[in-house]
1. Could you tell me whether region 265-274 includes any residue that is touching a residue at least 12 places away in the same chain (Cβ under 8 Å) and within 28 Å of Pro203 (Cα to Cα)?
2. Can you work out which of the residues in region 243-253 that are closer than 20 Å to Pro190 by Cβ and assigned to a loop (DSSP other than H, G, I, E, B) is farthest from the chain's Cα centre (by Cα)?
3. Go through region 206-237 and give me each residue that's hydroxyl-bearing (Ser, Thr, Tyr) and either over 23 Å from the mean Cα position of the chain (by Cα) or assigned to a helix (DSSP H, G or I) (or both).
4. So which residues in region 133-190 are under 22 Å from Glu201 (Cβ atoms), free of Cβ contacts under 8 Å to residues at least 40 places away in the same chain, assigned by TED's automatic domain parsing to the domain that holds Glu201 and of a type outside the set (D, E, K, R), if there are any at all?
5. Out of the residues in region 114-132 that are among the small types (Gly, Ala, Ser) and either assigned by TED's automatic domain parsing to the domain that holds Arg195 or under 26 Å from Pro203 (Cβ atoms) (or both), which is surrounded by the most Cβ atoms within 10 Å (Cβ to Cβ)?
6. What about Lys204, is it in contact with a Phe, Trp or Tyr (Cβ under 9 Å, 6 or more places away or on another chain) and at positive phi?
7. Name the one entry in Val277, Val287 that is assigned by TED's automatic domain parsing to the domain that holds Thr145 and crowded, with 18+ Cβ neighbours inside 10 Å.
8. Out of all the residues in region 133-148, which are crowded, with 18+ Cβ neighbours inside 10 Å, modelled with pLDDT under 90 and either touching a Phe, Trp or Tyr at 6+ places or on another chain (Cβ under 9 Å) or basic (Lys, Arg) (or both)?
Amino acid sequence: MELRTLEYFMAVAREESITRAAEKIPITQPALSRAIKLLEDEFGKKLFIREKYSVKLTTDGLAFFQHAQELLSLAHKMESKFKNPDSVYGDVYIGCAESDAMKYVARAAKSVLARYPDVRFSLYSGNIEDLSYRLDKGLLDFYVTLQTPDASKYDSLTLPAPDVWGILLRRDDPLAAKKSFTVEDLLNLPLILSREALREEYPKIFGTALEKFQVVATYNLIFNAAILAREGLGYPVSLDKLINDAELCFRPLEPEFKSELKFIWRKNFSLTRQAQVLLTEMKRSLV
């Protein structure tokens, strides 16, 4: 087993795709497939479940991933120490909620790149289950989330400037003349709701009124929900500053309701050097 083969394995695990991993490394797709097959043969374990358009880690694959991560981290630290004590390079993996507050992560990342140009940032958007799973299994270094983190499992930073909740609607809609919307206003509208916010945010905002809403659609990411709004299907209940569409406008809820975003990482887990540099910059910039 070579360190290079472990790098290949890690790339496939994180990208969940032979094709995308091959493009990123770079290596030809057949060569990468052969390398993974030889690795599985060497250890006598099936590390991936092959699906039509993706690959997923098996239970053995998850265990292998954790050990491979530790080995590669140690190898990189040794290389950095003996070749260039000040070198920092490699990927930082960040799971992202949709929010304008991501600008604070972007600013910290920009500062890191100014000092360490060989660092790269890999962003992942997805649902809570997927991103939480990735963070817990070490596939992500950080997760930016609206959800309240479990303090027993995660450390966190609160990002400034909480996001404001409201609805998206067409600019030519007669209701666009309203400056804000109350819960009573929403009871008579066909609504498009976030599946993520149904867990925690919507119950906080709407309470028992949530059960009375006329829900015509739900969404995972706001881009497609905005298309539904533009076509007149309904009114997405969303955060502000996520959609820049000439045909749509945003109106806040009344009374105003805001949500804070958390930048979280696992407790008692050794971050890679490049991830630690980003965390240090995040802490510095948020003081």
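The values are calculated or read from the model by the stated rules, or taken from the named source; none is laboratory data. As the structure is a prediction and not an experimental result, all values here were calculated from the model. A quick note on method: Cβ atoms are made from the backbone with ideal geometry, for glycine too, and the neighbour counts reach across all protein chains shown.
1. yes
2. Taking the candidates together, the pick is Glu247.
3. Correct list: Thr208, Tyr235.
4. Leu187, Asn188
5. Filtering region 114-132 for residues that are among the small types (Gly, Ala, Ser) and either assigned by TED's automatic domain parsing to the domain that holds Arg195 or under 26 Å from Pro203 (Cβ atoms) (or both), the one surrounded by the most Cβ atoms within 10 Å (Cβ to Cβ) comes out as Ser132.
6. Criteria not met by Lys204.
7. None of the other options fit; the residue is Val277.
8. Scanning region 133-148 gives Arg134, Gly138, Leu139.
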